[in-house]
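These notes concern the structure reproduced below.
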Amino acid sequence: MDQSERGFCRARPGGVRWTGPAARRVSRSRRRRARGAARAGRVGATAALDGLTARRGLGALLLGGGVAAIAYRQRALTLDGALAAAALGGMVLFRGGIPAAGSLLAFFISSSALSRLGQRRKAFRPMTQAKGPRRDAWQVLANGGWATLCVALGQRRAFVGALAAASADTWATEVGVLGGRQPRLITTLRRVPAGTSGGITPEGLAASLGGALVVGLAWSMLGGGRRGGRRRQQSWQCDLLVAASAGLGGSLADSVLGATVQALYHCPRCSAETEEPVHRPCGQPTRLVRGYWWITNDTVNALATLAGAAIGGLISLSRTRERANAKNAKNARTPDAAGHVRGGS
């Protein structure tokens, strides 16, 4: 290679710079790599895809499948429910890491434990639910679908809100049925049988707050905030605020929808209200007396978790704007190189 091909050193005020055809080729290659990296950074949602390898994805799927298999063997999930839980759990671990997966696991374990609590008493309640204690794929998607989508898009606080709403509603349902007081319909406050969609009790409301805080605490304790010092304390407070607000809001939204638009049927043979088009105990076709046939309990759960995700996202957006305004105010009070303060005289 001659000197013209190798290039030569040229003195510049900023230092020595290597020029020539070879140097120009290296420079073009670096610019192409920089443009490629910039394009890669713009693909997808807010969170970057750096570090999400195929090995991590496979490990997340296997771990999610293992937890779903255990739940299936414990008769907490049906077969299609276990497959759906494995897919959702793997995605949550893949995109959200340990904090998101731990929050999802805390919700699932606590909800499964509460569903087994007082099974004999629940079996004799007058209101017949459309599905049994084992969760199928539609129930898994209704409770965890929006949360999984939020964490896949990098919306952490919306994920916490959606999962807190699902946990709050499940806790309220399981604990409220076991309470000694007869529920009241949230829209008219008239007394309804235990287990009726839209019925609320003080015990159920307290349980909904507890279920929401379980998710918020799990998220915070596992490092979901990712901050240190004073900002870590503020992140904890915001996470718990999101969980409590979204949990209570989603649970109340579930009750309102259940009392107004969710399908409710009447069995003419047993004179009982049920959520089933065909009454399981007697096999009698039922008559729709309230709501719409296509709005089932799963539909209401999905809408309630969507409301929780929206509440979490709005709180996160509000906090982001507050920090931006505080930063702008601080910059406005900082003098420039000439000693002038922005906005001053």
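Scan segment 265-276 for residues that are free of Cβ contacts under 8 Å to residues at least 60 places away in the same chain and surrounded by 14 or more Cβ atoms within 10 Å (Cβ to Cβ) and report the count. First the steps, then the outcome.
Just the residues of segment 265-276 that are free of Cβ contacts under 8 Å to residues at least 60 places away in the same chain, to begin with: 265-271.
Keeping just the survivors that are surrounded by 14 or more Cβ atoms within 10 Å (Cβ to Cβ) gives 265-267, 270.
Number satisfying all stated conditions: 4.
Taking segment 186-212 as the region of interest, how many residues are surrounded by 19 or more Cβ atoms within 10 Å (Cβ to Cβ) and part of a strand (DSSP E or B)?
So the answer is 2.
Residues checked against (1) modelled with pLDDT under 95; (2) of a type outside the set (Gly, Ala, Ser):
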| position | (1), (2) |
| --- | --- |
| Ala168 | no, no |
| Val177 | yes, yes |
| Thr188 | yes, yes |
| Leu209 | no, yes |
| Val215 | no, yes |
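Please specify each residue of segment 174-194 satisfying the condition of being closer than 21 Å to Arg116 by Cα and in contact with an Asp or Glu (Cβ under 9 Å, 6 or more places away or on another chain).
Val175, Gly176, Leu178, Gly179, Gly180, Arg181, Pro193
Under 23 Å from the mean Cα position of the chain (by Cα), modelled with pLDDT of 90 or more and assigned to a loop (DSSP other than H, G, I, E, B), is that true of Ile295?
Answer is yes for this residue.
Condition check ((1) surrounded by fewer than 18 Cβ atoms within 10 Å (Cβ to Cβ); (2) of a type in the set (D, E, K, R); (3) in a loop (DSSP other than H, G, I, E, B)) across all residues:
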{"position": "Ala243", "(1), (2), (3)": "no, no, no"}
{"position": "Gly249", "(1), (2), (3)": "no, no, no"}
{"position": "Asp254", "(1), (2), (3)": "no, yes, no"}
{"position": "Pro281", "(1), (2), (3)": "yes, no, yes"}
{"position": "Val289", "(1), (2), (3)": "yes, no, no"}
{"position": "Ala304", "(1), (2), (3)": "no, no, no"}
{"position": "Ala309", "(1), (2), (3)": "no, no, no"}
{"position": "Gly312", "(1), (2), (3)": "no, no, no"}
{"position": "Arg319", "(1), (2), (3)": "yes, yes, no"}
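The values are calculated or read from the model by the stated rules, or taken from the named source; none is laboratory data. Since this is a predicted model, take the numbers as computed values, not measurements. Cβ coordinates were reconstructed from backbone atoms using ideal geometry, including for glycine residues, and neighbour counts include every protein chain displayed.
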